[in-house]
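What follows is one structure encoded as structure tokens, with my remarks underneath.
The values are calculated or read from the model by the stated rules, or taken from the named source; none is laboratory data. Source: prediction; values computed, not measured. Here the Cβ positions follow ideal geometry from the backbone for every residue, glycine too, while neighbour counts run over all protein chains shown.
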């Protein structure tokens, strides 16, 4: 198989981390093939956002339906709609329920397969330092081990690139803002309503990143952590 040295598969969920990674890969001159996964996540709205962005960028994009494995990974608040979604800031004691069993190993394995299939030598994904406290499959040890496997699992070695592995969400946002990115084109909330909930750990981490950068998040929220009215909706009188 012919290898395209400047080609890359980007695991692109539609969230702000992978959105930044996607654009970073493009800025680095990569011919990007974006790959999204429908695994039965409650926040499947992120997939619609991903489609819209890739259409606007005119880059190849596949949404892979792996809902057939839902029964194998449904022991999580992200994949079981009957469970309450935990709220509050990211911490092991209150958001462990959002861990999806073996998710990143599954997604990376499929992305590596596509990379080998199309002759791309690398796969990008958006693991970052802020996730280390909670998600084992976003930690450097996991990425290092997966890189070792990706180097020997096929005749063609594939490199896993996680550019923000040791950087926090506020740094990811700062990098994206320096690139002129519009984060209205992202979805982060663990729930899939018309407005982000503002109370789940993912929303709170996102809002904290915007606050750290001294700007307002451009998407709408049902509630912001600093709001005095619990039912406040952006754009409505408070």
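Numbers for the structure displayed
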quantity	calculated
Residue that is surrounded by the fewest Cβ atoms within 10 Å (Cβ to Cβ) [pool: residues in segment 140-154 that are closer than 16 Å to residue 114 by Cα and out of contact with any helix residue (DSSP H, G or I) (no Cβ under 8 Å at 6 or more places or on another chain)]	152
Counted residues, segment 193-213 - those being part of a loop (DSSP other than H, G, I, E, B) and either in contact with a strand residue (DSSP E or B) (Cβ under 7 Å, 6 or more places away or on another chain) or farther than 18 Å from residue 19 by Cα (or both)	6
Any hit, segment 197-213, residues being touching a residue at least 60 places away in the same chain (Cβ under 8 Å) and within 30 Å of residue 118 (Cα to Cα)	no
Flag for residue 64 being under 24 Å from residue 24 (Cα atoms) and part of a loop (DSSP other than H, G, I, E, B)	no
Criterion: under 16 Å from the mean Cα position of the chain (by Cα), closer than 26 Å to residue 213 by Cβ and at pLDDT 95 or above - qualifying residue of 108, 173, 134	173
Scan of segment 155-178 for residues that are surrounded by fewer than 22 Cβ atoms within 10 Å (Cβ to Cβ) and either over 18 Å from residue 125 (Cβ atoms) or in contact with a strand residue (DSSP E or B) (Cβ under 6 Å, 6 or more places away or on another chain) (or both), ordered by number	155, 156, 159, 161, 170, 174, 177, 178
Pick from segment 7-41, criterion within 14 Å of the chain's Cα centre (by Cα) and part of a loop (DSSP other than H, G, I, E, B), ranking: surrounded by the most Cβ atoms within 10 Å (Cβ to Cβ)	12
Residue check for residue 189: modelled with pLDDT under 95, in contact with a strand residue (DSSP E or B) (Cβ under 8 Å, 6 or more places away or on another chain) and in a helix (DSSP H, G or I)	no
In segment 111-131, the residues that are at pLDDT 95 or above, out of contact with any helix residue (DSSP H, G or I) (no Cβ under 7 Å at 6 or more places or on another chain) and in a helix (DSSP H, G or I)	111, 113, 114, 115, 116, 117, 118
Sole exception among (1) within 16 Å of the chain's Cα centre (by Cα); (2) modelled with pLDDT under 90; (3) more than 14 Å from residue 11 (Cβ to Cβ) for residue 139, by number	(2)
